[in-house]
Amino acid sequence: MQQVRITGPFTFQTEEAPIPEIGTHEALLKINCIGVCASDMQIYHGKHKFMRYPVILGHEVAATVEKTGGAVSGFVSGDKVTIEPQVFCGECFPCESGRFNVCENLSVIGVHQDGCSREYIALDSKYLHKVPPSMQTELITLVEPFAVGVGSVRRSSRLNGANVTVVGAGTIGNFTAQAAKALGAGKVLITDISQGKLDWAAECGIDYCVNTREKNLKEVIGNCFGKDRADVIIDCAAVPAGFKSIMEAARPCSEIIVTGNYKEPVEFNVPLLQRQEVSMIGHMMYVREDYQIAIELLAGGKIRTEKTITRVFPFNEYAKAFEYADVNPDSIMKLLIMV
């Protein structure tokens, strides 16, 4: 089989490798499609804080079960699946509390260990999610990033009927805004400086889609929601200057959920939290329930995705997909690579 490994910034190599053998608890998966994620681009640029070269990328996946080990139940050959790429220990406090997404020994497939940019992979079946047989390959590949959005809004303690602001209208921001609508938020505002991404968010049914290139976030929130402003602000942009604006825009007794992946530390004014009793909530990926909700909403046609996929590349043009993403950052939502 063929696999693609990144050996350093901007450097891929294609390798020949044997189809992996499976253990008793594992399934052999035929990889059908992988998505290119923002974290993949960080690795491509050599700016990801928590990985080391070389590694095989790929954690947004559509696959088919080829065969299963003797101890595997619930999956058979031919099942369509996607994977949860979080490899967890199951023994630390977060794991025992059901928050294995912040396992103290967490390893992410495609980041800390070899991922799915290959024709076949063997994985423990506990990391698999079955999807409906009729679900399209491209849609299956979107389950992982949409689960991030689901997990993000489910971190809020006050989502039902809430005024929600999502900062950043890229793939994760768009999915987070759509998840908020689907899971019971009242009105949702999404902001960005890319008008094309905001136009797509409007088509997806988001209530307010505002370009903040020359506008103050606090004023925008006030104009949309009135004196009550935002109950929840979700940061999907991870821009230091934007974080300062979020802190200044937060209403007393509101929540800030940090979902975007910051590349560097950010300073902020602690009294803005303390004296207004603002709750700062960290968010990391998803838990199993988030995945199930994501699959149900996507498979049920509740989420708009028609313009989410910007372009699809064949596996033999793997490097070209990353080169394309590098020169078209403002016009891309999601790139897929068919294996």
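The values are calculated or read from the model by the stated rules, or taken from the named source; none is laboratory data. This one's a predicted model, so the numbers in the text were calculated from it and none came from an experiment. Here the Cβ is made from the backbone with ideal geometry for all residues, glycine too, and neighbour counts use every protein chain on show.
Just need a number here: residues in segment 13-29 that are crowded, with 18+ Cβ neighbours inside 10 Å and either over 22 Å from the mean Cα position of the chain (by Cα) or more than 20 Å from V81 (Cα to Cα) (or both). Give the derivation first.
Kept after step one, since they are crowded, with 18+ Cβ neighbours inside 10 Å, are these residues of segment 13-29: 22, 26-29.
Applying the additional criterion that residues be either over 22 Å from the mean Cα position of the chain (by Cα) or more than 20 Å from V81 (Cα to Cα) (or both) yields 22, 26-28.
The number of residues fulfilling the criteria is 4.
Are there helices (runs of 4 or more DSSP H) fully within segment 216-275 with at least 3 residues that are surrounded by 13 or more Cβ atoms within 10 Å (Cβ to Cβ) and either hydroxyl-bearing (S, T, Y) or on the phi < 0 side of the Ramachandran plot (or both)? List them.
217-225, 240-249
Could you tell me which residue of segment 189-211 is surrounded by the most Cβ atoms within 10 Å (Cβ to Cβ), considering only residues that are under 19 Å from F243 (Cα atoms) and in contact with a helix residue (DSSP H, G or I) (Cβ under 6 Å, 6 or more places away or on another chain)? First the steps, then the outcome.
Quick first cut of segment 189-211, residues under 19 Å from F243 (Cα atoms) only: 189-194, 209-211.
Filter once more, keeping what is in contact with a helix residue (DSSP H, G or I) (Cβ under 6 Å, 6 or more places away or on another chain): 189-190, 192, 209-211.
On the way: L189: 24, I190: 28, D192: 24, C209: 22, V210: 19, N211: 16.
Here the residue is I190.
Residue pairs, Cβ under 7 Å, 6 or more apart or interchain, first in segment 12-24 and touching a residue at least 12 places away in the same chain (Cβ under 8 Å), second in a loop (DSSP other than H, G, I, E, B) and not small (G, A, S). List them.
A17/M1; I19/M1
For the list (1) at positive phi; (2) out of contact with any helix residue (DSSP H, G or I) (no Cβ under 9 Å at 6 or more places or on another chain), I need the number of the one condition that G168 fails.
(2)
Failed condition for L198, given (1) over 27 Å from Y291 (Cβ atoms); (2) at pLDDT below 95; (3) under 21 Å from the mean Cα position of the chain (by Cα), with all others met?
Going through the list (1) over 27 Å from Y291 (Cβ atoms); (2) at pLDDT below 95; (3) under 21 Å from the mean Cα position of the chain (by Cα), L198 breaks only (2).
Across segment 84-137, which residue is surrounded by the most Cβ atoms within 10 Å (Cβ to Cβ) among those that are under 21 Å from R155 (Cα atoms) and of a type in the set (D, E)?
Among residues in segment 84-137 that are under 21 Å from R155 (Cα atoms) and of a type in the set (D, E), the one surrounded by the most Cβ atoms within 10 Å (Cβ to Cβ) is E84.
Considering every residue within segment 203-220, establish whether at least one is of a type in the set (V, I, T) and closer than 27 Å to L139 by Cβ. Before the answer, list the steps.
Pass one, segment 203-220, residues of a type in the set (V, I, T): 206, 210, 212, 220.
Keeping just the survivors that are closer than 27 Å to L139 by Cβ gives 206.
Yes: one or more hits.
Is it the case that some residue within segment 142-162 is closer than 25 Å to G78 by Cβ, in contact with a Lys or Arg (Cβ under 8 Å, 6 or more places away or on another chain) and in contact (Cβ under 8 Å) with a residue 24 or more places away in the chain? Even if it seems obvious, please write down each step before you answer.
Residues of segment 142-162 that are closer than 25 Å to G78 by Cβ, as a first pass: 142-144, 146-147.
So of that shortlist, the ones also in contact with a Lys or Arg (Cβ under 8 Å, 6 or more places away or on another chain) come out as 142.
Those still in the list that are in contact (Cβ under 8 Å) with a residue 24 or more places away in the chain too: 142.
So far as segment 142-162 goes, yes, one or more of its residues are closer than 25 Å to G78 by Cβ, in contact with a Lys or Arg (Cβ under 8 Å, 6 or more places away or on another chain) and in contact (Cβ under 8 Å) with a residue 24 or more places away in the chain.
Quick one: how many residues across segment 51-110 are more than 23 Å from L298 (Cβ to Cβ), touching a residue at least 12 places away in the same chain (Cβ under 8 Å) and among the hydrophobic types (A, V, I, L, M, F, W, C)?
Result for segment 51-110: 12.
Please name all residue pairs, on different chains or six or more residues apart, with Cβ atoms under 6 Å, provided the first residue is in segment 284-295 and is over 25 Å from F50 (Cβ atoms) and the second residue is surrounded by 19 or more Cβ atoms within 10 Å (Cβ to Cβ).
Close Cβ pairs (under 6 Å, with a partner that is surrounded by 19 or more Cβ atoms within 10 Å (Cβ to Cβ)) amount to I293/V150; I295/V131; I295/V143.
Looking at P54, P9 in this structure, which one is over 21 Å from E144 (Cβ atoms), touching a Phe, Trp or Tyr at 6+ places or on another chain (Cβ under 9 Å) and at pLDDT 95 or above?
On the way: P54 fails: touching a Phe, Trp or Tyr at 6+ places or on another chain (Cβ under 9 Å).
None of the others qualify; the one that does is P9.
Pick from V270, V220, V258, V188: which is at pLDDT below 95 and not aromatic (F, W, Y)?
Working: V220 fails: at pLDDT below 95; V258 fails: at pLDDT below 95; V188 fails: at pLDDT below 95.
From the options V270, V220, V258, V188, the qualifying one is V270.
Out of (1) part of a helix (DSSP H, G or I); (2) in contact with a Leu (Cβ under 6 Å, 6 or more places away or on another chain), the odd one out for C209 is which?
(1)
Among the residues of segment 313-331, write down those that are crowded, with 16+ Cβ neighbours inside 10 Å and in contact (Cβ under 8 Å) with a residue 40 or more places away in the chain. Full working, then the answer.
Of the residues in segment 313-331, the ones crowded, with 16+ Cβ neighbours inside 10 Å are 313, 315, 318-319, 321-322, 324-325.
F315, Y318, A319, A321, F322, A325, listed by residue number.
Here's a check for you: in segment 311-328, which residue that is outside any helix (DSSP H, G or I) and modelled with pLDDT of 95 or more is nearest to A202 (Cα to Cα)? Spell out how you get there, then give the answer.
Narrowing segment 311-328 to residues outside any helix (DSSP H, G or I): 311-314, 328.
Now restrict to residues that are modelled with pLDDT of 95 or more: 311-314.
Numbers: R311: 21, V312: 24, F313: 27, P314: 31 Å.
Checked segment 311-328; the qualifying residue nearest to A202 (Cα to Cα) is R311.
Can we say I56 is of a type in the set (A, V, I, L, M) and surrounded by fewer than 21 Cβ atoms within 10 Å (Cβ to Cβ)? Working first, answer last.
On the way: of a type in the set (A, V, I, L, M): yes; surrounded by fewer than 21 Cβ atoms within 10 Å (Cβ to Cβ): yes.
Taking the combined requirement at face value, the residue satisfies it.
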